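Chemist: The structure is given below, and queries will be raised subsequently.
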Amino acid sequence: MAIRVLTRGSRRKGRSSANPRQRLLHGWDWADPRIELEELAPGSRVLAAAGAGEMIAALADAGHHVTALASNRHQLDYAARRVAGGDFEAGAAERLIDLGRGMIRAASPAWSRRRMRQFLQEDEPLKAAEHWKSRLDNRTLASILKTMLGPAGTLSALILRDFATPIPPHFDEAIRGRIGRALRKHAPRDNPYAWRLLLGEELRGHRLPVVDPSTISWISEPLLDHLEHVAPGSYDAVTLSNVIDGADERWVRDLRKAAMRAVVPGGPVIARSFATTMDDEAAKRARRDRGMLWGSIVVQR
């Protein structure tokens, strides 16, 4: 397996084009590949953020030709190991979520490991949503999330430090609503993202497709630099997660222009964001994503 390393520095400061913290940031992916698989034509050439390798594995397993991109070499190497069948390793994101979950568990008996594990066995979405509303989405949860995710909150500061991403306003309220929304649509029993977010464990029996990492192009390069230097129409699709959250407006504009140039006419550019949206279609896609975190999933062609 060859990882192509490009060392050009980014010419503009956008959150994702800045020099990343060179350590493992994501041990799990939080984007549901079902969304991409619905949008892509068979055998597409796809540029995707390497992440934890889960999106990469799902796309490659479905027959797409994937280019995995990250400017963080630790993240890129980890994604390649995961695609080849490697074990999960907790990253900064999982440690931050575990910190918040531990505080909630200590203050609210309803969030104990035993009770949460019982809750996650529920296979009827409406019952799960009602349990969430009546027992888990309680005053303790609301208070802790508001304290931790507010402008001066502990988690907000750590997320900004590690990911250079400011938490959107009122994200504490938004995330509670998104979890309830997801539970009404996706039963927790078979939703790996619910087990990860609410308990910090992998759903028993959940496995990544194992694909040959040599069939994937692995590139270590800032996203905007890559999109601006590839030939026009190099990809049939591009998929990205929260790269525009907290980024400079000019950088976002340049990114959109470069992505549309790099993709063939009519091909999708898929972008997830934590922020809420007034775009009906983007909001509907976010509700279909089992990841429970997203405010919008935009598909631009």
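Chemist: Answer yes or no: is there a residue in segment 277-298 that is surrounded by fewer than 15 Cβ atoms within 10 Å (Cβ to Cβ), out of contact with any Cys (no Cβ under 6 Å at 6 or more places or on another chain), at pLDDT below 95 and among the aliphatic types (A, V, I, L, M).
Modeler: Yes.
Chemist: Scan segment 234-246 and tell me whether some residue there is at pLDDT 95 or above and assigned to a loop (DSSP other than H, G, I, E, B).
Modeler: yes
Chemist: Follow-up question, since we're still on this one. Tell me, which helices (runs of 4 or more DSSP H) wholly within segment 56-163 include 3 or more residues that are among the small types (Gly, Ala, Ser)?
Modeler: 92-107
Chemist: Then there's this: Consider His206 against the criteria (1) surrounded by fewer than 16 Cβ atoms within 10 Å (Cβ to Cβ); (2) free of Cβ contacts under 8 Å to residues at least 12 places away in the same chain; (3) closer than 30 Å to Leu136 by Cβ: it satisfies all of them except one. Which criterion is unmet?
Modeler: (2)
Chemist: A further question follows. If I ask for residues that are more than 23 Å from Ser156 (Cα to Cα), open to solvent by less than 10 Å² (accessible area, probe 1.4 Å) and assigned to a helix (DSSP H, G or I), which ones from segment 183-200 would you list?
Modeler: Once the filter is applied, which keeps residues that are more than 23 Å from Ser156 (Cα to Cα), open to solvent by less than 10 Å² (accessible area, probe 1.4 Å) and assigned to a helix (DSSP H, G or I), segment 183-200 yields Leu183, Pro188, Pro192.
Chemist: A further question on this structure: Is there any pair with a first residue in segment 285-299 that is closer than 19 Å to Val238 by Cβ and a second that is of a type in the set (Asp, Glu) and in a loop (DSSP other than H, G, I, E, B) whose Cβ atoms are under 8 Å apart and which are 6 or more apart or on different chains, and what are they?
Modeler: Note: pairs meeting the criteria are Asp289/Asp32; Gly291/Asp32; Ser296/Asp279; Ile297/Asp289; Val298/Asp279.
Chemist: Can you give me the number of residues within segment 247-266 that are open to solvent by 20 Å² or more (accessible area, probe 1.4 Å), of a type outside the set (Gly, Ala, Ser) and outside any helix (DSSP H, G or I)?
Modeler: Going through segment 247-266 one residue at a time, the tally reaches 3.
Chemist: For segment 110-138, which residues satisfy the criterion of being over 25 Å from the mean Cα position of the chain (by Cα) and either open to solvent by less than 80 Å² (accessible area, probe 1.4 Å) or at pLDDT below 95 (or both)?
Modeler: Passing the criteria: Ala110, Ser112, His131, Ser134, Asn138.
Chemist: Is it the case that segment 51-60 has a residue that's modelled with pLDDT of 95 or more, more than 26 Å from Trp251 (Cα to Cα) and open to solvent by 30 Å² or more (accessible area, probe 1.4 Å)?
Modeler: No - not one qualifying residue is present in segment 51-60.
The values are calculated or read from the model by the stated rules, or taken from the named source; none is laboratory data. Every value quoted in this text rests on a predicted model; they were computed, and no experiment measured them. Quick reminder, even Gly has a Cβ in these numbers, built from the backbone with ideal geometry, and neighbours come from all protein chains shown. What goes into the accessible areas is simple: the full protein's heavy atoms, side chains included, and nothing from ligands, DNA or RNA. Shrake-Rupley method; radii C 1.70, N 1.55, O 1.52, S 1.80 Å.
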